[in-house]
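Chemist: Right, I'll just put the structure down here and ask away after.
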Amino acid sequence: MTNVIETETLTKSFGGMTAVSGTSFSVEPGTIVGLIGPNGSGKTTTLNLLNGAIAPDQGTIRVQGENLAGKSSTAFVKAGVTRTFQNPRVFSTVTAMENLLVPVLHTRGGKAGFTKKAEELLETVGLLGHRDTPASELSGGQQKLLEFVRALMTDPHIVLMDEPFAGVHPSVKEVMREAIVERNKAGTAFMIVSHEIPDLTRLCSRIICMSDGQVIAEGTPGEVTSHPLVIEAYLGQGPASRGERG
Ligand SMILES: Nc1ncnc2c1ncn2[C@@H]1O[C@H](COP(=O)(O)OP(=O)(O)OP(=O)(O)O)[C@@H](O)[C@H]1O
Ligand SMILES: [Mg+2]
């Protein structure tokens, strides 16, 4: 089966600083893949590349087999890639319902159908009672849940999530986790960036670890978390000592 996402030698520099350096990896349909790595290792930059927010300097990004490197975020959404952010980006002055209708504004189909779909999604994360609440009046955790279900409005093949569990109340975290699991059961793939390794270990079948812009380990959660290069990267040892291990 075609991978939902497949990158080859993906590279992105900012000035003289290479944030993502020749990374190649793939996400199989319907899987949940974790992306870990120390601060500044290139995780958010990778998500920015994978949804077309920024263009790579080199490399390919195949979405369902089609290379979209350099294409706009709109092209990525059309191909089935959506995204949430480290700090939730909701439209704060409009209601929860209106937030969900934004991604489908220019999509053909009756408004009533989209409203029903939005209500169902709000229900799955306990926000239906806040249907008409301006997003600015929701808690930070609720805004993360709102941003998550907004990313589902276009029926994506994959949702890229940046730190969905960071700084949220444990009860919100549990709602988020269950919503991800339910959606994944329906076939949606996920790539989840998180520093919360125990949460990822519960959720993911596979984890990719980055350090200094490169993929240093990939495998099951058990394999990756016990990998010597991963342990060294988290202990903050330099690339030279990592090289010695070979
Ligand atoms: N727009 C930018 N301009 C310049 N440098 C950038 C830019 N975006 C990222 N970087 C640099 O690229 C490197 C990787 O950053 P990135 O945000 O991808 O790391 P990260 O793994 O998401 O880190 P964290 O865990 O702290 O969120 C960092 O050194 C960062 O300073
Ligand atoms: Mg980041």
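Chemist: Please give the net charge around V63, taking every other residue with its beta carbon less than 10 angstrom from that of V63, where Lys and Arg add +1 and Asp and Glu add -1.
Modeler: +1
Chemist: When the chain is modelled as a GNM with alpha-carbon springs shorter than 10 Å, which of N51, N39, N99 fluctuates the most?
Modeler: Of N51, N39, N99, the most mobile in the Gaussian network model is N39.
Chemist: Next question, about the same structure. Return the loop-located trypsin sites (Lys or Arg not before Pro) in the stretch 32-140 (DSSP other than H, G, I, E, B) with at most 14 other Cβ atoms within 10 Å of their own Cβ; answer none if there are none.
Modeler: R89, R108
Chemist: Kindly flag which residue pairs out of K12/K71; K71/K111; K111/K185; K78/K117 have an alpha-carbon separation exceeding 20 Å in this structure. Could you put the intermediate results ahead of the total?
Modeler: Values: K12/K71 15 Å; K71/K111 28 Å; K111/K185 27 Å; K78/K117 18 Å.
Check vs 20 Å cut-off fails for K71/K111; K111/K185.
Chemist: Need one number: nm distance between label points at A55 and S13, each 7 Å from Cα along Cα→Cβ, rounded to one decimal.
Modeler: Here the modelled spin labels are 1.7 nm apart.
Chemist: Give the carbon-plus-sulfur fraction of the accessible surface of the chain in %, rounded to a whole number; probe 1.4 Å, heavy atoms of protein chains only. Before the final figure, lay out each step's value.
Modeler: On the way: 5760 of 11320 Å².
Ligands and nucleic acids excluded, carbon and sulfur reach 51 percent.
Chemist: Based on DSSP, what percent of beta bridges with both residues in the chain are antiparallel, to the nearest 5?
Modeler: Numbers: 21 of 38 bridges.
So the antiparallel bridges in the chain amount to around 55 percent.
Chemist: Go ahead and run the numbers for FRET between K111 and S72, Cβ-Cβ distance against an R0 of 35 Å, rounding to 0.05.
Modeler: My answer for the efficiency is 0.85.
Chemist: Related question: Which net charge results for the neighbourhood of V181, defined as the other residues with beta-carbon distances under 11 angstrom from its beta-carbon, given Lys and Arg at +1 and Asp and Glu at -1?
Modeler: Details: positive: R177, R183, K185, R202; negative: E174, E178, E182.
Around V181, the surrounding residues sum to +1.
Chemist: Sticking with this one: Given springs between every Cα pair under 10 Å in a Gaussian network model of the chain, which of D212, D162, D57 has the largest fluctuation?
Modeler: Answer for the Gaussian network model of the chain: D57.
Chemist: I would also like to ask the following. For A75, what charge total do you get from the other residues with a beta carbon under 15 Å from its beta carbon, if Lys and Arg give +1 and Asp and Glu give -1?
Modeler: Taking every other residue near A75 into account, the sum is +3.
Chemist: Quick check for you: with a 1.4 Å probe and neighbouring chains kept, what is the accessible area per residue of the chain, in Å²?
Modeler: Value returned for the chain: 46 Å² of accessible area per residue.
Chemist: Where a ≥ b ≥ c are the square roots of the eigenvalues of the C-alpha gyration tensor, would you call the stretch 42-171 rounded, which needs a/c under 1.5, or, failing that, prolate if a/b is larger than b/c, or oblate?
Modeler: Oblate.
Chemist: Here is a further query. Among rounded, prolate and oblate, which fits the stretch 1-89 when a ≥ b ≥ c are the square roots of the eigenvalues of its C-alpha gyration tensor, a/c under 1.5 means rounded, and a/b larger than b/c means prolate?
Modeler: Rounded, because the longest to shortest axis ratio a/c is under 1.5.
Chemist: Under a 10 Å cutoff between Cα atoms, tell me which one of T201, T18, T82 has the largest fluctuation in the Gaussian network model of the chain.
Modeler: Its mean-square fluctuation being the largest, the pick is T18.
Chemist: While we're here: At 1.4 Å probe size, put L127, L229 in order of accessible surface, largest to smallest.
Modeler: The ranking, largest first, comes out as L229, L127.
Chemist: Put H227, H169 in order of accessible area, largest first, 1.4 Å probe: what do you get?
Modeler: From most accessible down to least: H169, H227.
Chemist: Considering only C-alpha atoms, what is the centroid distance from the stretch 110-173 to the stretch 13-33, in Å?
Modeler: The stretch 110-173 and the stretch 13-33 have Cα centres separated by 26 Å.
The values are calculated or read from the model by the stated rules, or taken from the named source; none is laboratory data. Quick caveat: nothing in here was measured; it's all calculated off a predicted structure. Glycine gets a Cβ as well: all are built from the backbone with ideal geometry, and neighbour counts include every protein chain shown. With ligands, DNA and RNA removed, areas are computed over all heavy atoms of the protein, side chains included. Shrake-Rupley method; radii C 1.70, N 1.55, O 1.52, S 1.80 Å.
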